[in-house]
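Structure first, then comments.
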2 protein chains.
Amino acid sequence: MLNYGAPLDRLFQALADPTRRAMVERLSRGPASVSELAHPFAISLPAVVQHLQILEASGLVRSEKVGRVRTCRVEPAALRPVEQWIAERRQIWEHRFDHLGEILAAQAEADRQSQCPSTHQEHEP
Amino acid sequence: MLNYGAPLDRLFQALADPTRRAMVERLSRGPASVSELAHPFAISLPAVVQHLQILEASGLVRSEKVGRVRTCRVEPAALRPVEQWIAERRQIWEHRFDHLGEILAAQAEADRQSQCPSTHQEHEP
């Protein structure tokens, strides 16, 4: 088991808010200034900046200030730990279901074999 | 764009806590009673129950009480919206980087073509 810690907490926390997900969705299509990013949301600029700080702390977004304009962009690699955690769960589940399938198939075969002789015995005098 | 709402909020929120992720990891390997689930954690049973309620509200875990024992199990299908949201972002990012690659390749070709005639002209009398 890999050692996941606070980074995963911060990533899932960052993605747990619809405004922050919408910001990631917007930035997925290309970099944007903070005011461009704030534009579609009916929230104050300080609230946008606070959401951005949470996104930056998670590593999902980084920003750079040139002159008076701060430009934000996504960091696709930052999502890797989330993808990896989910893929590991999926792998364990699928393995379990495959194993369950084998058990059920073996059980069905055992039932079939145990039913045949008993059916045969019932017909015996 | 698909309409994601509160379910994604609840899923990401549920996964933002290391104890809750550890519970999902434990249940990924098979069903467990609440006390079995609580065992590895140095937290009170009420705290475990509270984490379980958040996991159940997200749909990731369901529980059933038979007699005095409540058994918990994971619901792998519940993770689908998270997987889908991430896959959509990944797809947009990769498309953008493919497109960027095409632009850079076209630019490199344009540079090569613009350099060749000028080099040729320099050697002309």
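What to note about this one:
- Residue under evaluation residue B:57, criteria (1) of a type in the set (A, V, I, L, M, F, W, C); (2) part of a helix (DSSP H, G or I); (3) more than 30 Å from residue A:19 (Cα to Cα), criterion not met: (3)
- Residue within the stretch A:85-99 that is modelled with pLDDT of 90 or more and closer than 30 Å to residue A:48 by Cβ present: yes
- Among the residues of the stretch A:63-74, those that are exposed (fewer than 15 other Cβ atoms within 10 Å of the Cβ) and not aliphatic (A, V, I, L, M) comprise A:64, A:65, A:67, A:68, A:73.
- Residue check, residue B:82 closer than 25 Å to residue A:81 by Cβ and in contact (Cβ under 8 Å) with a residue 60 or more places away in the chain: yes
- Residue in the stretch B:80-103 that is outside any helix (DSSP H, G or I), within 11 Å of chain A (Cβ to nearest Cβ) and in contact with a Leu (Cβ under 9 Å, 6 or more places away or on another chain) present: no
- Residue in the stretch A:55-64 that is within 11 Å of another protein chain (Cβ to nearest Cβ), in contact (Cβ under 8 Å) with a residue 40 or more places away in the chain and not small (Gly, Ala, Ser) present: yes
- The stretch A:1-50 - residue that is within 25 Å of residue B:91 (Cα to Cα) and more than 14 Å from chain B (Cβ to nearest Cβ) and, of those, surrounded by the fewest Cβ atoms within 10 Å (Cβ to Cβ): A:39
- For the stretch A:8-53, a tally of residues being more than 18 Å from the chain's Cα centre (by Cα) and in a helix (DSSP H, G or I) returns 16.
- The stretch A:65-77, residues that are within 12 Å of chain B (Cβ to nearest Cβ) and in contact with a Ser or Thr (Cβ under 7 Å, 6 or more places away or on another chain): A:74
- Criterion violated by residue A:14 - all others in (1) in contact with a helix residue (DSSP H, G or I) (Cβ under 6 Å, 6 or more places away or on another chain); (2) small (Gly, Ala, Ser); (3) at pLDDT below 95 satisfied: (3)
The values are calculated or read from the model by the stated rules, or taken from the named source; none is laboratory data. Note that this is a predicted model, so its numbers are computed, not measured. Using ideal geometry, Cβ is built from the backbone for each residue, glycine included, and neighbour counts are taken over all protein chains shown.
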